[in-house]
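Notes to accompany the following structure.
The values are calculated or read from the model by the stated rules, or taken from the named source; none is laboratory data. Everything numeric in this text was worked out from a predicted model, so none of it was measured. Here the Cβ positions follow ideal geometry from the backbone for every residue, glycine too, while neighbour counts run over all protein chains shown. Protein only, heavy atoms only, side chains kept; ligands, DNA and RNA dropped before computing areas. Shrake-Rupley method; radii C 1.70, N 1.55, O 1.52, S 1.80 Å.
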Amino acid sequence: MSMAGCRQDMQDQPKFVPQRGTDFYADGRSARPQVENTVARGQLHEDMYFYTGLIDGKEGDVMPFPVTLEVLERGQERYNVYCTPCHSRVGNGAGMIVQRGYRPAGNFHTARMMVAPLGHFFTVMTNGYGAMPDYAVPLPPQDRWAIVAYIKALQLSQNAKPSDAPVGALSSIAESEGMPASFAGEWTLPPTAVYGTPNDQDNGIPALDVTVPTGAKTK
């Protein structure tokens with residue numbers, strides 16, 4: 001009777017062991033293929049524009065949600081963390097990394113970028129572009145769109161006419177904030193800006209429309 005009580009039928013019963021084969025199914029696999037079009041929990045991207053920035057394969061030019069002050073503040077905070085090292089606080093492509101030898105970054109205030117659709121900035125952040133890596137992992141879609149909204153605010157602020165903000169001379173404002181009057185002047189890339197590639201060549205990446213001082217090493 002004691003031996004009968006030690007039977008291990010459940011342990012010895014037929015079962016599938018993960019990552020092992022079996023002769024039960026014709027294909028020899030114990031794990032069954034997923035049903036076609038299976039979607040992981042939480043990954044049903046019904047609003048494809050929100051996740052891709054594309055409409056029928058083309059970059060869209062509309063925000064997927066209303067732009068509020070809270071959205072702009074979030075976009076500014078995320079932009080300052082992830083974008084300013086290359087693009088600078090004002091988005092002219094003269095960030096600190098560029099000043100230390102990295103390839104000149106995109107200037108958001110060129111004629112081409114001023115008319116670029118909103119979806120363009122989103123897809124570049126999602127997939128990367130040229131020397132810029134993608135930011136799909138550290139920046140969820142909501143934050144990427146918030147940055148897009150803030151970039152458009154930067155474009156407005158850096159290309160505004162005096163009549164848009166009649167607050168007096170910017171140089172006077174800079175001095176009142178404890179900065180030199182030249183702080184309000186136009187920013188340019190420093191002479192130390194280089195492409196940063198092994199051969200210091202463009203290597204097929206289109207040249208950027210940026211202001212480059214005489215003597216800067218660019219191609």
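Quick check for you: with a 1.4 Å probe and neighbouring chains kept, what is the accessible area per residue of region 91-186, in Å²? Working shown, then result.
Working: 4990 Å² over 96 residues.
Per residue, region 91-186 has an accessible area of 52 Å².
Which FRET efficiency, nearest 0.05, do Tyr129 and Glu73 yield, Cβ-Cβ r, R0 25 Å? List each step's numbers first, then the result.
Details: r = 26 Å, r/R0 = 1.04.
After rounding to 0.05, the efficiency reads 0.45.
Placing +1 on the Cβ of each Lys and Arg and -1 on the Cβ of each Asp and Glu in region 9-75, which of Met63, Gln43, Gln11 has its Cα farthest towards the positive end of the resulting dipole?
Gln11
Given Cα pairs under 8 Å that are at least 6 residues apart, what percent is the relative contact order of region 28-102?
On the way: 30 pairs, mean separation 8.9, N = 75.
Computed over region 28-102, the figure is 12 percent.
Mind grabbing the accessible area of His109 for me, 1.4 Å probe, Å², rounded to tens?
My reading of the accessible area for His109 is about 40 Å².
Got a sec? What order do Met125, Met63 fall in by accessible area at 1.4 Å, biggest, i.e. largest, first? Intermediate results must be reported in sequence, preceding the final value.
On the way: Met125 10, Met63 35 Å².
From most exposed to least exposed: Met63, Met125.
Report, in whole Å, the centroid distance computed from the Cα atoms of region 137-152 and region 23-99.
Spelled out, the Cα-based centre of one part sits 9 Å from the other.
Using a 7 Å offset from the Cα along the Cα-to-Cβ direction at both Ser157 and Gln11, what is the distance between the two label points in nm, to one decimal?
About 6.9 nm, to one decimal.
How would Ser88, Ser172, Ser163 line up by accessible area, probe 1.4 Å, largest first?
Ser163, Ser172, Ser88
Packing-wise, with mean Cβ within 10 Å as the measure, how do 65-74, 51-60 rank, highest first?
Numbers: 65-74: 12.8, 51-60: 14.8.
Going by the mean number of other Cβ atoms within 10 Å, highest first, we get 51-60, 65-74.
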